[in-house]
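Novice: Provided herewith is a single structure, encoded as structure tokens, for subsequent inquiry.
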Amino acid sequence: MEASYFAMCLLIPRKLISEDLIKMASEGKDLLDDKHLVRLADKYQVPIMVMTNRIRELLNEDDILRLDIEHAIRDRYKKEN
């Protein structure tokens, strides 16, 4: 189990995927929509399930990332209204 977690972190670095998730949120994209998950999985060359697990793991453990995503969504909403 530890080896697969290490591999997931190596293939999908926290900093890079966090930047992608914040950008997606600022563009109004649903972070767990299948088509967006497929694009991210292709970008990082990992199976969709691995990408889904990494995103869920980050959103569950990283309060700062969650706040950054919430701010990106709020800023987009303000610009639209």
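Where a number appears in this text, it was derived from the coordinates with a stated rule and is not lab data. On a predicted model such as this, the values are computed, not experimentally measured, just so you know. Cβ coordinates were reconstructed from backbone atoms using ideal geometry, including for glycine residues, and neighbour counts include every protein chain displayed.
Novice: Report the relative contact order of the chain, percent, no decimals, based on alpha-carbon pairs under 8 angstrom and at least 6 residues apart.
Specialist: Rounded, it is 37 percent for the chain.
Novice: Suppose every Lys and Arg Cβ carries +1 and every Asp and Glu Cβ carries -1, with no other charges. What dipole size does the range 2-80 come out with about its Cα centre, to the nearest 20 debye?
Specialist: My answer is approximately 240 debye.
Novice: Going 7 Å from the Cα of R14 in the Cα-to-Cβ direction, what parts of the range 53-81 have a backbone nitrogen less than 15 Å from that spot?
Specialist: 54-68
Novice: I need the calculated FRET efficiency for the pair D33 and F6, taking r as the beta carbon distance and R₀ as 25 Å, to the nearest 0.05.
Specialist: 0.35
Novice: Which order do the peptides 69-79, 53-63 take when ranked by the mean count of other beta-carbon atoms within 10 Å per residue, highest first?
Specialist: Descending packing order for the listed peptides: 53-63, 69-79.
Novice: What pairs from K43/K78; K23/K79; K23/K78 go past 19 Å between their alpha carbons?
Specialist: As for pairs spanning more than 19 Å Cα to Cα, those are K43/K78.
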